[in-house]
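The values are calculated or read from the model by the stated rules, or taken from the named source; none is laboratory data. The structure presented is a predicted model; accordingly, all values stated were derived computationally and were not measured. Positions of Cβ are backbone-derived with ideal geometry, glycine not excepted, and every protein chain shown enters the neighbour counts. To get the accessible areas, we keep the full protein, side chains included, count just its heavy atoms, and leave off ligands, DNA and RNA. Shrake-Rupley method; radii C 1.70, N 1.55, O 1.52, S 1.80 Å.
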Amino acid sequence: MQSSEPILVTSPLLPNMQEFNQYLQQIWDSRWLTNNGSMHQKLEHALTKYLGVEYISLFTNGTLPLITALQALGLTKGEVITTPYSFVATTHSIWWNGLTPVFVDIDPVTGNLDPSKIESAITTNTVAIMPVHVYGQPCNNEQIDSIAKKHNLKVIYDAAHAFGVRKDGESILNWGDISTLSFHATKVYGTIEGGALICHSAEMKYQIDNLKNFGFRGETTIVAPGINGKMDEVRAAFGLLNLKQVDAAIEARHKVSTQYRQAIDKIDGLHYLSEYPNIRYNYGYFPIFVDEEKYGMSRDALYEKLKAHNIFGRRYFYPLISTLNPYKDYPSANSNNLPIATKMANQVLCLPMHHMLSNDDVEKIINSLTDN
Ligand code: T4K
C-alpha cells in the first residue's frame, strides 16, 4: 500500500491565480483573444529582454517553430543531420518538411550531437544540421558552426530544453541560424502549451510571423503555404506571469540538483552529467545513467523500483528516435552507427526535478536509490 502522494518527474510552473484572473479580465474586456494581441506583443518584448535575444516569435507549441524554421530557411529537399537522442518532435519536424533525417552519434559527456562525427555524414544532399541542447546542456556550437560554414549548411538548434541557458554570460539561443524553444507545461518555463522561434533579423522575424499565420502578408496576400502556429492571449498572459517567477523556480531546481549530485557521488554505478562553471543552467532535467554491473540493478529495474515507491522518473530519451517505426529503416538509424546514443538511451533515467520538490521528497528519492 502506498500512503504518500506520488512524486512526479515534473510539476508545472503555475502563475498566481489572482493575478491570472486580473489578466483574464483584461482579455475579456478587450475582446481580443488571439492573432498578435497585446498580451502576445508584451510577452515577445519581455522574452527578448529576459532571454537576451533580439528577435523572437511566439508559437502555440515547441514543434511548430521547428517545422517553420526549416521552411523559412528555404529547405525543401535534401538531408538534415540530427541527433537520435531527443524527443521525437525534433526528427518529426524534418519529416514534415519532406527532408530526410540523417542520424549522427552523440558525445557521451553532454549527450549532444558529436561534432567530430558530423563531417563523415555530410553528402552532396546535406542542407542543414539540427542539433539539440539536450537537457539544456549547450552543444559545441563553435565546432558545429564552423563545419556548417565550411559546407554551406544551415544550423537550427532545437533549444526546447534551453530556456534561459547562458554560456559565458551570453544566451545560447543566439547560436546558429535559428533556435527554437518549448513552453510546454512540463518545462522549466511554461505557457501550458507554447513555444518560440529565435532569429537574427527583422526580415526573418517578419517572414516567420507570416508563416505562423498561414502565410498571410496583409489581408489578401499569401506568401507561402504557412501553418497556424499562433499563441493566443490567455497563454501569453500565463507566460507573462510565469516570467516573474521563473528565476526562483530555477534556483529551487538548482538546490535539488546539488542535493542529488552530493548523494549520487557516493553511489557506485550511477553517474550524472558534468556541470561547467561558465554555464548558467536551468536544471530542467536531472538524468542519471545506470551502470548495471556496478550498481547491481538495471536501469529498468530501478525505474520500476522507484515506481513501487511512488516515485515516477522518466526514461527521457528512450527509446532512441532512430529505433522508432517511422525512422528505423533509414541507413543512419543502424545501431552500429549510434553506439553512444544507444548506450545512453539504455542507461538513462530522469529523476524527478522541479521547483515544488521538498527536502523530504528529495531525501525519499535518494534513499530509494541507495536501499538496494
Ligand atoms: N524538442 C525537444 C527536444 C523536446 O523535448 C520537445 C518536447 C519538443 C521539441 C516539442 O515541444 P512541444 O511541441 O511539446 O512544446 C513531454 C512534453 O509533452 C514534451 O513537451 C517534451 N518535449 C517531452 C520531453 O516531454 P511526456 O509525454 O513525457 O508528458 P507527460 O504527459 O507524460 O507528462 C510528464 C510528467 O509531467 C508526468 O509525470 C505528469 C507531469 N505533468 C504533465 C502535464 C502535461 C503535470 O504534472 N502536469 C501537466 O500538465 O512529454
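Here are the numbers for the structure shown:
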| quantity | calculated |
| --- | --- |
| Pairs with Cβ under 7 Å, 6+ apart, first in region 149-161 and away from the ligand (no atom under 15 Å from the Cβ), second open to solvent by 20 Å² or more (accessible area, probe 1.4 Å) and assigned to a helix (DSSP H, G or I) | VAL155/ASP145 |
| Test: residue in region 159-179 that is part of a helix (DSSP H, G or I) and surrounded by fewer than 22 Cβ atoms within 10 Å (Cβ to Cβ) | yes |
| Every residue from region 117-148 that is open to solvent by 30 Å² or more (accessible area, probe 1.4 Å), of a type in the set (S, T, N, Q) and assigned to a loop (DSSP other than H, G, I, E, B) | THR123, THR124, ASN125, ASN140 |
| Flag if LEU197 is within 16 Å of the ligand (Cβ to nearest atom) and touching a Pro at 6+ places or on another chain (Cβ under 7 Å) | yes |
| Condition check for GLY169: within 16 Å of the ligand (Cβ to nearest atom) and on the phi > 0 side of the Ramachandran plot | no |
| Tally of residues being aliphatic (A, V, I, L, M) and either without any contact (Cβ under 8 Å) to a residue 40 or more places away in the chain or open to solvent by 10 Å² or more (accessible area, probe 1.4 Å) (or both) across region 43-71 | 4 |
| Matching residues in region 307-327 - criterion: being under 18 Å from THR186 (Cβ atoms), open to solvent by less than 30 Å² (accessible area, probe 1.4 Å) and either in a strand (DSSP E or B) or among the aromatic types (Phe, Trp, Tyr) (or both) | ILE311, PHE317 |
| Test: ASP105 is within 18 Å of the chain's Cα centre (by Cα) and farther than 24 Å from GLY195 by Cβ | no |
| One residue from GLU304, GLU292 being open to solvent by 20 Å² or more (accessible area, probe 1.4 Å), more than 27 Å from PHE163 (Cα to Cα) and within 16 Å of the ligand (Cβ to nearest atom) | GLU304 |
| Failed criterion for TRP175 (all others in (1) within 16 Å of the ligand (Cβ to nearest atom); (2) in contact with a Ser or Thr (Cβ under 8 Å, 6 or more places away or on another chain) hold) | (2) |
| Number of positions in region 4-26 that are over 27 Å from the mean Cα position of the chain (by Cα) and closer than 26 Å to TYR285 by Cα | 2 |
| Residue that is within 16 Å of the ligand (Cβ to nearest atom), part of a helix (DSSP H, G or I), at pLDDT 95 or above and open to solvent by less than 30 Å² (accessible area, probe 1.4 Å), where the choices are VAL256, VAL188 | VAL256 |
